[in-house]
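Colleague: Before I ask anything, here is the structure I am working with.
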Amino acid sequence: MFKNYFKIAIAVLKRRKFFTFISLFGISFTLTILMVSTAFMDKVLSPDYPDYKRERSLYITGIEIRNSKEGWMNSSNLSMYFLNHYVSTLKNVQKMGISSSAKPSNAYVNNKKLVIEYKYTNADYWNVLEYKFLEGKPFSQKEIDNAELIAVISKQTKEAYFGDEKSVVGKYISADNINYRVIGVVENVSKTLQNLSGDMYLPYTIAKENHNNTDVMGSYNAVLLAKSTADVPKMKMEFDQMMKKVPIPKDFDKIYCNADPFFTTVTRRLGGNSTDGAVTKVVSLVTGFVLLFLLLPTINLVNINITRIMERSSEIGVRKAFGASSKTLVYQFIVENMILTLLGGFIGLILSLLIIYLINGANLVSNMHLSMNFTVLFYSLLACLFFGLISGVYPAWRMSKLNVVKALKA
Amino acid sequence: MIRLQNIEKVYRTDTVETLAINGINLDIAKGEFLSIMGPSGCGKSTLLNIMGLLDEPSKGLIKIDDTDISKFSDQQLAKFRNQKLGFIFQSYHLINDLQVLDNVELPLLYRTSSAKERKMLASEALEKVGLSNRLKHFPTQLSGGQRQRVAIARAIVGNPQIILADEPTGNLDSAMGNEIMDILINLNKNEGTTIVMVTHDESMAHKTHRLVRLFDGSQVQ
């Protein structure tokens, strides 16, 4: 039976090549965009180098103070004082990795300017995050306390600054006219990890700012690591209770700061604010957008399928006359449509691999390497089946309702 | 074998009501070869479609093989057609995308039979109509007579008790028409299949056991 359906499906595809082209183009193009977007989302949302402990982590990326009466507000990253004075005292925080947002500095290699983005970090940053050291080691608490002019650089910076040199530990790198001794080289981090990627990492104690200033606002972000996944909610609750005790700066009446799971940091950035993580909102919006995006080619397919069915009314009449029930015909047509969509899905997969290869090759986002993994494949297959079912069911139902006599006369 | 009691068929549009079949009573015995004649539009094909359970009468009772099919569901009707009835159409209605063998296998797809068994039965049916050398051809590669023979093979492959033929020789020249008629006569004689045939051709009709004439939806002979 299935073989017969397959034969018919292939024959129908061959029959009206233009329709087939339109159908396959619609399916493969839509799926390609979905697959590439899914690969991108997977890259952004799944634990990725060097941030492998997301299940145990909460992220603090900003603080906001408001004057609700006057209607003005101030928001920024956090100060080292805030993190050390308040957050580090929390019992459920096993370790806290602190880093500043990346800032550009200028270096010169053979009279050519090289922009090096540097970040200040604390010692635990290297314990919370799992950077891969290609040579050397991270800086210790002692080196931080001594405010030594040392640096951990990325592989990309090493290649750009030192060229083909094999080992650069112990050598000096000059940025903004300050010489830093290189003590380690780490694998590059994708730019999609905004708070973690940088070209050069320096001890925070050599930053020019005054760390004794009691302002809550500054230029740092933090990753809080709990002992276990089960401790994360406790850590969050403890953080929220702590926030109630943080004194509100003069001229303001409200203060907001959130320790979020990784996913919430993304949704808060995309559609929320300091009081709303916007998880439901963003997820619903994305789902709605994907459905709408799928709906257009689906309607197109439904139309093409209906036209094709009308061409096959004689076949439908004959099948009914010789014993096919409406249910059997619906099943046949859905199977045929599935074959078409899976074929489109296969073409879409090849196109996606090609586009991902081109995106990776062009290095559109620095150090971002997209890949087609099982998660992406799974969702793509799901999208194909969804496509096949939705665009097949209505035409199949209409076909099965055709009156045999009319179908045979058509 | 087939009993029609007071069958009426009315086609309704918003403004007009057309009586296509008007109170027909007909008993067709098992193994009988009956032909239906009449001018165009007199209701011959409508009557055949009603007998073949392809169309519902507006009024009246149909019994096939002593079974009242008036309350059958779509699923039951499909099964009944599949097991008891075979159809031959004037314009063959073969599926051009499928090879001859696959076309003939079609009724067996809706039964529980293995692919091997289907192939064997379809080959046998094609042999009966003298087309065993055309199994892998597509319908468009055959002549009109050959196509009608494929359609006959498809109608008999499931070994139905009744064959309903709607002008089976209508699109063929007289030589080919006679060939098709001989196949149907042999089928009736040798296998005991009940055949009801709609025709315009007096000479073909006279080769059958009984002739029914219709005029304006009513039986006149």
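Colleague: Taking the criterion of being in contact with a Leu (Cβ under 9 Å, 6 or more places away or on another chain), within 16 Å of B:Leu94 (Cα to Cα), at pLDDT below 90 and surrounded by fewer than 19 Cβ atoms within 10 Å (Cβ to Cβ), would at least one residue in the range B:170-188 satisfy it?
Modeller: No.
Colleague: Of the residues A:Val266, A:Val283, only one is more than 25 Å from A:Gly71 (Cα to Cα), loosely packed, with under 14 Cβ neighbours inside 10 Å and touching a residue at least 12 places away in the same chain (Cβ under 8 Å); which?
Modeller: A:Val283
Colleague: Restricting the range A:1-46 to residues that are free of Cβ contacts under 8 Å to residues at least 24 places away in the same chain and under 13 Å from the mean Cα position of the chain (by Cα), which is nearest to B:Tyr110 (Cα to Cα)?
Modeller: Among residues in the range A:1-46 that are free of Cβ contacts under 8 Å to residues at least 24 places away in the same chain and under 13 Å from the mean Cα position of the chain (by Cα), the one nearest to B:Tyr110 (Cα to Cα) is A:Ser37.
Colleague: Scan the range A:315-323 and give yes if some residue there is within 14 Å of another protein chain (Cβ to nearest Cβ), out of contact with any strand residue (DSSP E or B) (no Cβ under 9 Å at 6 or more places or on another chain), at pLDDT below 85 and part of a helix (DSSP H, G or I), otherwise no.
Modeller: No, every residue in the range A:315-323 fails to be within 14 Å of another protein chain (Cβ to nearest Cβ), out of contact with any strand residue (DSSP E or B) (no Cβ under 9 Å at 6 or more places or on another chain), at pLDDT below 85 and part of a helix (DSSP H, G or I).
Colleague: In addition: Could you please give the count of residues in the range B:103-133 that are out of contact with any Gly (no Cβ under 7 Å at 6 or more places or on another chain), surrounded by 22 or more Cβ atoms within 10 Å (Cβ to Cβ) and at the interface with chain A (Cβ under 8 Å from one of its Cβ atoms)?
Modeller: Counting residues in the range B:103-133 that are out of contact with any Gly (no Cβ under 7 Å at 6 or more places or on another chain), surrounded by 22 or more Cβ atoms within 10 Å (Cβ to Cβ) and at the interface with chain A (Cβ under 8 Å from one of its Cβ atoms) gives 2.
Colleague: Quick one: how many residues across the range B:64-100 are under 17 Å from the mean Cα position of the chain (by Cα), more than 7 Å from chain A (Cβ to nearest Cβ), of a type outside the set (Phe, Trp, Tyr) and on the phi < 0 side of the Ramachandran plot?
Modeller: Selection size over the range B:64-100: 10.
Okay, residues lined up against (1) in contact with a helix residue (DSSP H, G or I) (Cβ under 6 Å, 6 or more places away or on another chain); (2) in a strand (DSSP E or B); (3) at pLDDT below 95; (4) among the small types (Gly, Ala, Ser):
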position	(1), (2), (3), (4)
A:Asn84	no, no, yes, no
A:Ser88	no, no, yes, yes
A:Gly97	yes, yes, no, yes
A:Tyr108	no, yes, yes, no
A:Lys113	no, yes, yes, no
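Colleague: Follow-up question, since we're still on this one. Starting from the range A:339-356, keep only residues that are in the same structural domain as A:Val376 (by TED's automatic domain parsing) and outside any helix (DSSP H, G or I), then list their pairs with residues that are of a type outside the set (Ser, Thr, Tyr) and at pLDDT below 90 whose Cβ atoms are within a distance under 9 Å, requiring at least 6 positions of separation or different chains.
Modeller: none
Colleague: I'm trying to understand the selection: among the residues of the range A:242-291, which are touching a strand residue (DSSP E or B) at 6+ places or on another chain (Cβ under 9 Å), under 30 Å from A:Ile33 (Cα atoms) and of a type in the set (Gly, Ala, Ser)?
Modeller: Selection gives A:Gly277 alone.
Colleague: Still on this structure, I have one more. Taking the conditions exactly as written (surrounded by fewer than 18 Cβ atoms within 10 Å (Cβ to Cβ), in the same structural domain as A:Gly26 (by TED's automatic domain parsing) and modelled with pLDDT under 80), does A:Leu364 satisfy them or not?
Modeller: Considered against the rule, which asks whether it is surrounded by fewer than 18 Cβ atoms within 10 Å (Cβ to Cβ), in the same structural domain as A:Gly26 (by TED's automatic domain parsing) and modelled with pLDDT under 80, A:Leu364 comes out as yes.
The values are calculated or read from the model by the stated rules, or taken from the named source; none is laboratory data. This one's a predicted model, so the numbers in the text were calculated from it and none came from an experiment. Note: ideal-geometry Cβ built from the backbone for every residue, glycine included; neighbour counts use all protein chains shown.
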